[in-house]
Amino acid sequence: MLDLIIRGAQVHDGLGHPPVKADVAIHQGRVTQIGEVTEPAQEVVDATGLSLMPGIVDLHTHFDAQVTWDRTLSPSPALGVTTAVLGNCGFGIAPCPAPLRETMLKNLSVVEGMNLQALLTGVQWEFESFAEYMAQLRRVRPYLNTAVFAGHSVIRTAVMGEAGSDTAEATPEQLAKMCELVREAMQAGAIGFASSFSPNHSGYGGRPMPSTIASEAELRALTGVLGEMNRGVFMMATGSRATPDIMESIAETTQRPTYISTVLTMYNEATPELGLSYYDRCAQALDRGNPLYVLTSCQALSFDFTLLDPYVMLSHSAFDAVKSAQPHELSAIYRDPAFREAFRLNLKSPKAGILFLGNWKNIEVGQTTQPAHASLEGMTIAALAAQRGVDPVDAFFDLALSENLATHFVGKFFNNNDDGVAPLLKHRASVITLSDAGAHLSYMCDAGFGLHFLAHWVRETGHFSLSEGIRRLTSEPADRFRIPERGRLVVGSPADMLLFDPATVGISKPLPRHDLPGGATRMVREPQGVHGVWVNGVKVHDGVNYIHLESGPGQVLDHFNP
């Protein structure tokens, strides 16, 4: 008897072929038949009018800590994800000698916007080495299939301690030890190596994350292990220091798939051609036989801020007084008509390097503190100003002042224009991912990138057909990262599946949940139009609730294609 039949769905194989209306039979975690299924099954799901696709493959998550206390890896399974890659940008928690645990978590809490007390309370330390961490994941039995990067900053901290954030040049002995830890991680099943040179990646106390101060020679030595072993992929939060030329050189030397992740590849109104130029340079590298790609976000990049720390505004000269003011002095500054007029003048002629160029549609009300203002959450400042019949500058500051400057705003300054973003998503050098799931939890949640893509880029704008959109979320990312079998729904494949209604699929606005260890709050999104998610043939979410399982059906992935 079969374990499961999903009957009468429009079945998308994840490979881009047109869908077929068919039954899908599942037994022992794999697809055994697609077509008309007459055998009996323990469970039959009527999927009439719905579409069935492979589960979404999320290449860019930060669940490294959360997985030790939450096997569901919430909220990703609810949002259609069935396979997740951890440890991106080189930030994680393994390997970690016991005396450095607090140092590791303090850095992680800042660079990935995680609640430190939740980390200190929640992380279950049953490991020191990378291999022991992988063994713990197997004991945890997560809901999702999981793969893990060996991380530059983690390994640098493990070898150099806190000096890893202060000392740019490692000693020859330290570098040799770091290379050995990369080898050990790869032998233990790491999917590859991840690093960051991004100047935006700061750790605890404002100190740089260790990898960001490392030399190029150190980076080349560590990535050289991948070439030496002829195994694994390399992803890098490049910033401006790891140029496309450097990244291509590493791809050429190692002949391993190499991935750029940087805000510089995103559409930006101030420099609209810059992002596309990165993609074109990667395409040129591909034509030279060097496997270089861009990890691409299909969502606007969010900057969360309050007017207690308006970092996204500080490059405007009107905010010079704010930089030196004490917190109790800020309200008076923001009320001052002269300050507001100076800010308006700044916005009329913004100088180079400005994040916010004056388009108030690009700033939304995030989280408010007064119940009467809850309905404003998610509204743009432009819409708020129109609703109140005032200038956007006044609407912005007046709302914050009414909440003692505690209002959270979300600035969307990159990837905020469909006409600018669509060519990036369609580019042959792009790989759609960048959810950051598990990180930046306090005021945002981009874990639903796949459902957003199906709603916005497929249904609402028509930039992609449904079959092609599904391929870009499933088989393509799996193949790019050399993950075998995942991202396709064919006979013999693992039964990782998402059942949904194309007419209604999407995500909710960010919603607060008080469910982190120690009672800390995080933001999650809920699915819309989802009717079920299965991992290896086991239902993990029914579209509304998680299915309680004593152990998850996800596999810890430790073998990858060449």
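Observations
- Residue in the range 350-368 that is nearest to G378 (Cα to Cα), counting only those that are part of a helix (DSSP H, G or I) and in contact with a helix residue (DSSP H, G or I) (Cβ under 8 Å, 6 or more places away or on another chain): K361
- A search for C-beta distances below 9 Å between a residue of the range 414-434 that is within 16 Å of L454 (Cα to Cα) and any residue that is assigned to a helix (DSSP H, G or I) and acidic (D, E), counting only pairs 6+ apart in sequence or on different chains, returns V431/E476; I432/E476.
- Among the residues of the range 263-278, those that are out of contact with any helix residue (DSSP H, G or I) (no Cβ under 6 Å at 6 or more places or on another chain), of a type in the set (S, T, N, Q) and either more than 14 Å from D418 (Cα to Cα) or at pLDDT 95 or above (or both) comprise T271, S277.
- Note on the range 506-547: residues that are farther than 12 Å from A78 by Cα and part of a loop (DSSP other than H, G, I, E, B) total 9.
- A single entry from A47, A41, A22 fulfils the requirement of being outside the structural domain of A447 (by TED's automatic domain parsing), on the phi < 0 side of the Ramachandran plot, crowded, with 21+ Cβ neighbours inside 10 Å and not basic (K, R): A47.
- Residue within the range 422-440 that is more than 28 Å from the chain's Cα centre (by Cα), farther than 30 Å from W69 by Cα and charged (D, E, K, R) present: no
- Failed item in (1) modelled with pLDDT under 95; (2) touching a Gly at 6+ places or on another chain (Cβ under 6 Å); (3) among the basic types (K, R), with R141 passing the rest: (1)
- Candidate set: the range 1-32, residues that are free of Cβ contacts under 8 Å to residues at least 24 places away in the same chain and either part of a loop (DSSP other than H, G, I, E, B) or not basic (K, R) (or both); chosen: the one farthest from E468 (Cα to Cα): A25
- Selected residue (criterion: surrounded by the fewest Cβ atoms within 10 Å (Cβ to Cβ)) from residues of the range 197-206 that are among the polar types (S, T, N, Q) and over 18 Å from G161 (Cα atoms): N200
- Selection status of E128, in a helix (DSSP H, G or I), in contact with a Pro (Cβ under 9 Å, 6 or more places away or on another chain) and acidic (D, E): no
- Residues in the range 465-492 that are crowded, with 21+ Cβ neighbours inside 10 Å and either more than 20 Å from the chain's Cα centre (by Cα) or not assigned by TED's automatic domain parsing to the domain that holds N290 (or both): R488, L489.
- Selection count, the range 355-372, where residues are surrounded by fewer than 17 Cβ atoms within 10 Å (Cβ to Cβ) and either assigned by TED's automatic domain parsing to the domain that holds C445 or touching a residue at least 12 places away in the same chain (Cβ under 8 Å) (or both): 4
- Residues of the range 180-206 satisfying the condition of being part of a strand (DSSP E or B) and at pLDDT 95 or above: G192, F193, A194, S195, S196
- Where a residue in the range 241-252 is free of Cβ contacts under 8 Å to residues at least 60 places away in the same chain and its partner, wherever it lies, is aromatic (F, W, Y), with Cβ under 9 Å and at least six apart: R241/F197; A242/F197; P244/Y278; M247/F234; M247/Y259; I250/F234; A251/F234
- Residue within the range 378-395 that is within 19 Å of L15 (Cβ to Cβ), touching an Asp or Glu at 6+ places or on another chain (Cβ under 7 Å) and outside any loop (DSSP other than H, G, I, E, B) present: no
- Residue in the range 151-161 that is assigned to a strand (DSSP E or B) and closer than 30 Å to R71 by Cβ present: yes
- Residue list for the range 396-408, filter: without any contact (Cβ under 8 Å) to a residue 60 or more places away in the chain and touching a Phe, Trp or Tyr at 6+ places or on another chain (Cβ under 8 Å): F396
The values are calculated or read from the model by the stated rules, or taken from the named source; none is laboratory data. Computed from a predicted structure; not experimentally measured. Every residue, glycine among them, receives a Cβ derived from its backbone with ideal geometry; neighbour counts consider all protein chains shown.
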